[in-house]
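Below: the structure, in structure tokens.
The values are calculated or read from the model by the stated rules, or taken from the named source; none is laboratory data. The model shown is predicted, which means the values in this text are computed figures rather than measured ones. Cβ placement follows ideal geometry from the backbone for every residue including glycine, while neighbour counts extend to all protein chains displayed. Side chains included, ligands, DNA and RNA excluded: accessible areas come from the protein's heavy atoms. Shrake-Rupley method; radii C 1.70, N 1.55, O 1.52, S 1.80 Å.
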Amino acid sequence: MEVLLGKIFHEIRDPIHTFIKLDDQERAVLDSRPFQRLRCVHQLALTYLVYPGASHKRFEHSLGVMELAGRVFDIVTHSNHLLPELRDLFPQLNKDEEKAYWRKALRMAALCHDIGHLPFSHAAEKELLPDGWDHERLSRVIIMSEEMQQIWKNMTPPLRAEDIAKLAVGKRKAPDLLFNDWETILSEIIVGDAFGVDRMDYLLRDSYHIGVAYGRFDHYRLIDTMRILTPPPSGGEQDKSLEPTLGVEAGGLQSAEALLLARYFMYSQVYFHPVRRIYDMHLKEYLAEMLPGGRFPTTIERHLSMTDHEILVDLRKTGLVGGMPGSVHAERIIKRHHFKRLYERNPTDYEKNQQSAVLIKEAAEKKYGTENIRFDNPSQKGESIDFPVLMKDLRVESSRSLSQVLNQIPVVKTEYVFIHRDLEREASQWLNSERSGIINPGEGR
Amino acid sequence: MDQFRRRVILLSLIKALRDKGSWCGETHIQKAMFALQKVTDTPVDYDFILYKHGPFSFDLRDEITELRADGYLTIEINPYPYGPNLSLSDMGNRFYQQCHEAIREYDSDLEFISGKLAAKGVAALERLSTALYVCKEEGILDSEQCAVRVNEVKPHVPVNLARDAASDVEQMLAEYSRVRGRELTL
């Protein structure tokens with residue numbers, strides 16, 4: 001704890017950012033019940049069953065995102081870094097008080113951006129929440145709750161909960177709210193496609209805990225070179241919008257390349273790892289039988305009372321004792337009796353028939369029964385194809401026209417057919433003999 | 001509409017835009033798809049919100065990403081002052097040829113929208129599609145009010161250019177009604 005200009009600052013040790021600093025008012029958010037709950041939500045669900053080090057939680061990730069958001073804010077709003085033609089668009093930057101307000105709102109939004117996460121993070125979110133709900137909507141509800149409003153009101157200056165909610169979830173998840181250019185840029189700092197700080201922190205943190213080197217990149221350099229720019233021209237010198245967006249100076253292009261490469265490797269090697277994926281599927285099936293009505297609750301009290309801890313206790317008991325709802329699925333996780341990979345999309349089969357994986361799944365279901373087969377087809381989402389780069393002569397160019405590396409990074413998508421482990425050997429032999437006929441139905445064997 | 005037909009329509013739109021000389025960057029595709037939905041009522045059902053350069057659909061961006069991952073779309077790279085553009089790969093063209101029949105009923109709508117928008121650049125599309133959004137989603141039909149609203153949501157678009165865009169939207173909607181009416185009569 002340190003006292004600076006009458007304010008008390010706290011320093012938290014962090015393996016990624018060394019020290020994360022926050023003042024007393026921000027500390028009140030950290031100590032709140034909804035935020036403390038994130039200590040009990042694994043960042044990567046059951047990934048620790050594959051990579052034992054991956055036991056980190058949403059709590060420290062959220063702190064990291066706050067730290068990086070503050071750093072990016074300071075860089076992109078520095079008067080030396082703003083293009084003259086954009087200054088008039090952001091009157092917020094002409095008054096110190098207003099600038100300080102938005103800096104704090106951004107840091108708090110970054111801190112709370114994952115506050116609505118369900119147990120096991122993304123693992124079961126899509127299937128086990130009622131229609132129209134996702135963790136961002138829960139985050140928004142919590143940020144706007146009476147409990148959190150009290151904290152926002154006590155800050156100096158008081159923060160508007162709606163501003164924090166907007167910046168925390170971004171335009172995609174708050175389509176009913178109108179974002180001006182300034183708010184759009186600030187939310188992009190957190191959730192942006194190209195180099196939002198959420199993405200930066202999770203790549204660095206996940207790779208550190210998992211023990212792989214390829215999630216790392218020079219985020220110091222990248223952040224130092226981030227700028228608010230206009231988009232590059234599209235179909236010729238005059239063909240451009242003047243809408244501001246985040247980009248980098250030319251000197252940061254290699255760091256941006258490294259981030260996007262890191263993302264590619266992390267998706268292909270970690271996030272879409274087949275055993276991680278099948279554990280998620282078993283977990284979803286277990287939760288669907290264990291949760292009342294097969295769905296996660298969406299009221300704040302019930303949401304806040306449920307973490308990985310309560311579920312893991314039940315999962316262990318159910319898996320070991322047996323004979324309870326969900327015990328078949330729990331056992332597959334607790335006793336490591338997960339389904340095994342029978343088939344994975346590959347370029348040779350895909351070139352012959354783009355439906356190869358689906359056809360093999362259908363044939364396997366027919367042969368071995370749907371209860372013994374699982375199908376999964378994860379794909380990277382939301383890849384922006386370009387971002388602006390500020391050249392030394394102040395031209396703004398397309399990252400794609402400058403970087404051969406970016407043009408070579410594939411989008412990761414795969415398809416898996418899994419089978420009950422007791423059938424794996426027999427099914428592999430069956431697939432070896434039938435594969436050609438399944439993939440090329442017209443050609444026979 | 002199911003995902004298969006939606007994908008075929010997206011590939012068909014990209015092909016139609018390119019055939020008519022569009023630069024066909026991501027923004028061109030986003031705005032043309034919005035117009036296809038809102039002017040011709042083609043039921044592709046992408047969720048559009050006012051965001052990057054006007055109406056923007058994250059679902060559509062995800063679909064484009066997935067079509068790249070599946071090898072149906074490729075990014076072409078160009079030197080300054082040109083940005084990247086999207087085109088159908090060989091595999092994408094084969095898929096289009098095999099599946100186009102499934103969406104033939106929308107051919108004339110694709111023709112109409114690509115004919116109207118292919119020649120427009122990013123800035124013009126931003127203005128036009130924002131005016132269309134204001135008109136269709138916010139129900140502001142009066143051209144002058146529409147122009148003021150466009151300037152309000154996109155302050156970098158001057159009112160005089162917003163006014164032209166509002167007028168273009170009015171003409172496009174009227175022309176589509178005429179063309180459609182004629183087709184229905186025939």
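Computed values, structure above
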item: Members of segment B:93-106 that are farther than 17 Å from A:N353 by Cβ and without any contact (Cβ under 8 Å) to a residue 12 or more places away in the chain; result: B:E101, B:R104, B:E105
item: Selection count where residues are part of a loop (DSSP other than H, G, I, E, B), among the β-branched types (V, I, T) and surrounded by 14 or more Cβ atoms within 10 Å (Cβ to Cβ), scope segment A:290-332; result: 2
item: Of all residues making up segment A:391-402, the number that are open to solvent by less than 40 Å² (accessible area, probe 1.4 Å) and not small (G, A, S); result: 3
item: Index of the failed condition, B:L36 passing every other in (1) buried (at least 21 other Cβ atoms within 10 Å of the Cβ); (2) over 24 Å from A:L178 (Cβ atoms); (3) in contact with a strand residue (DSSP E or B) (Cβ under 7 Å, 6 or more places away or on another chain); result: (3)
item: Qualifying residue in segment A:162-169 (condition: within 14 Å of chain B (Cβ to nearest Cβ), at pLDDT 95 or above and either part of a helix (DSSP H, G or I) or closer than 29 Å to A:L44 by Cβ (or both)); result: yes
item: Residue within segment B:108-120 that is assigned to a helix (DSSP H, G or I) and either open to solvent by 60 Å² or more (accessible area, probe 1.4 Å) or on the phi > 0 side of the Ramachandran plot (or both) present; result: yes
item: Residues of segment A:106-135 satisfying the condition of being modelled with pLDDT under 95, of a type in the set (D, E, K, R) and crowded, with 18+ Cβ neighbours inside 10 Å; result: A:E125
item: Scan of segment B:70-109 for residues that are closer than 26 Å to A:R345 by Cβ and acidic (D, E), ordered by number; result: B:D70, B:E76, B:D90
item: B:D62 vs. criteria away from chain A (no Cβ under 11 Å) and open to solvent by 10 Å² or more (accessible area, probe 1.4 Å); result: no
item: Top-ranked residue in segment A:211-260 [being touching a His at 6+ places or on another chain (Cβ under 6 Å) and within 14 Å of another protein chain (Cβ to nearest Cβ); ranked as surrounded by the fewest Cβ atoms within 10 Å (Cβ to Cβ)]; result: A:L242
item: Of residues in segment A:298-314 being more than 21 Å from the chain's Cα centre (by Cα) and not aliphatic (A, V, I, L, M), the one farthest from A:V141 (Cα to Cα); result: A:D314
item: Those residues of segment B:127-186 which are of a type in the set (S, T, Y), without any contact (Cβ under 8 Å) to a residue 60 or more places away in the chain and closer than 18 Å to B:D109 by Cα, in sequence order; result: B:S177, B:T185
item: Boolean, B:H156 is over 20 Å from B:M33 (Cβ atoms) and either facing another protein chain (nearest Cβ under 9 Å) or open to solvent by less than 30 Å² (accessible area, probe 1.4 Å) (or both); result: yes
item: All positions within segment A:94-105 that are surrounded by fewer than 18 Cβ atoms within 10 Å (Cβ to Cβ) and not in a loop (DSSP other than H, G, I, E, B); result: A:N94, A:D96, A:E97, A:E98, A:K99, A:A100, A:R103
item: Within segment B:65-92, considering residues that are touching a residue at least 24 places away in the same chain (Cβ under 8 Å) and among the hydrophobic types (A, V, I, L, M, F, W, C), the one farthest from the other protein chains (Cβ to nearest Cβ); result: B:L88
item: Verdict on B:A16 being closer than 30 Å to B:V179 by Cα and surrounded by fewer than 20 Cβ atoms within 10 Å (Cβ to Cβ); result: no
item: Selection count where residues are aromatic (F, W, Y) and within 14 Å of chain A (Cβ to nearest Cβ), scope segment B:93-123; result: 2
item: Residue count, segment A:172-205 (criterion: in a helix (DSSP H, G or I) and open to solvent by 10 Å² or more (accessible area, probe 1.4 Å)); result: 11
item: Test: A:A54 is of a type outside the set (S, T, Y), at pLDDT below 90 and open to solvent by less than 10 Å² (accessible area, probe 1.4 Å); result: no
item: Members of segment A:403-436 that are open to solvent by 60 Å² or more (accessible area, probe 1.4 Å) and either closer than 30 Å to A:L242 by Cβ or within 14 Å of chain B (Cβ to nearest Cβ) (or both); result: A:Q404, A:Q408, A:P410
item: B:Q145, sole failed condition from (1) open to solvent by 10 Å² or more (accessible area, probe 1.4 Å); (2) not in a helix (DSSP H, G or I); result: (2)
item: Any hit, segment B:20-27, residues being buried (at least 23 other Cβ atoms within 10 Å of the Cβ) and in a helix (DSSP H, G or I); result: yes
item: Residues of segment A:360-386 classified as over 26 Å from the mean Cα position of the chain (by Cα), of a type outside the set (G, A, S) and surrounded by 19 or more Cβ atoms within 10 Å (Cβ to Cβ), total; result: 3
item: Cross-chain or 6+ apart pairs with Cβ under 7 Å, segment A:292-317 first and under 17 Å from A:Q36 (Cα atoms), then hydrophobic (A, V, I, L, M, F, W, C) and open to solvent by less than 10 Å² (accessible area, probe 1.4 Å); result: A:I300/A:I142; A:H303/A:L138; A:T307/A:V41; A:D308/A:V41; A:D308/A:F120
item: Condition met for A:Y286 (within 30 Å of A:I385 (Cβ to Cβ), open to solvent by less than 70 Å² (accessible area, probe 1.4 Å) and at pLDDT 95 or above); result: no
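Residues checked against (1) acidic (D, E); (2) touching a strand residue (DSSP E or B) at 6+ places or on another chain (Cβ under 7 Å); (3) at pLDDT 95 or above:
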residue: B:E76; (1), (2), (3): yes, yes, no
residue: B:P79; (1), (2), (3): no, no, no
residue: B:Y82; (1), (2), (3): no, yes, no
residue: B:N93; (1), (2), (3): no, no, yes
residue: B:E101; (1), (2), (3): yes, no, no
residue: B:D107; (1), (2), (3): yes, no, yes
residue: B:F112; (1), (2), (3): no, no, yes
residue: B:L117; (1), (2), (3): no, no, yes
residue: B:A123; (1), (2), (3): no, no, no
